[in-house]
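Report on the structure given below.
Every read-out reported here was derived from the displayed coordinates using simple, explicitly stated rules and does not represent laboratory data. All values reported here derive from a predicted model rather than from experimental measurement. Here Cβ is always computed from backbone atoms with ideal geometry, including for glycine, and neighbour counts include all displayed protein chains.
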Amino acid sequence: MNPILSNIIAGIEQHVSKEHQNDFESVVTAGKHTLYDPVTHAHLQLVKNPASRKDPVHTISQGVAGLMWLMFMQSHQKMPVEVLIMAGVVMMCEVYDFAETGLGVQVTPDIVAATGQELAMQLFKKLGISQQQLGEAISHGQAEIQQHQAKQAQAQGGMINPNRPQQGA
């Protein structure tokens, strides 16, 4: 597998919470089974429509989003969003591995990043989360982090630093 793809997969696997590890592994296994099953494999746009290889970002993000959404619906919408997104990125890497080795699609960091971003946006859209809502949530989270850091800095500023000479000493 291309090192770009294997590094992404390794990074994802390291960041899956312990709580969702089993679900994540099950979804990835099921996704690979579906992806490489001869019946479904023949229906992949990359396989049946050579023109789709000219825009792998769109083709792969659409296909993986569709696969992940199908699996999400089959779970009766009980698949954790963390698993949906993270397993989706792993499946994206699997598709790129096939596209590179079997179809000659060039894999670059920029193409993979753009596909991952498009995949996430499509999944969020399917979940009913708009770009505006996502942006607001990110801004809110950043504000909370900044407030927490400011409180920590204040608390540390009030403490005696043993490395700093004290007044009156």
Each label sits 7 Å from Cα toward the beta-carbon; between H58 and E144 the label points are separated, in nm, by 3.7
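Kindly flag which residue pairs out of K32/K126; K18/K126; K78/K151; K32/K54; K54/K78 have an alpha-carbon separation exceeding 28 Å in this structure.
Working: K32/K126 21 Å; K18/K126 26 Å; K78/K151 37 Å; K32/K54 24 Å; K54/K78 35 Å.
Table pairs above 28 Å Cα-Cα are K78/K151; K54/K78.
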Rounded to a whole number of µm²/s, how large is the Stokes-Einstein D of the chain at 37 °C and 0.692 mPa s, given Rh as the Kirkwood radius over C-alpha pairs? 178
Rounding to the nearest 10 and keeping the result within 0 to 90°, find how far the Cα-based axis of helix 109-126 lies from the longest principal axis of the chain. 90
Can you give the relative contact order of the chain as a percent, counting alpha carbon pairs under 8 Å and 6+ residues apart? 27
Highest-fluctuation residue, S26, S75, S139 considered, GNM on the chain with Cα pairs under 10 Å: S139
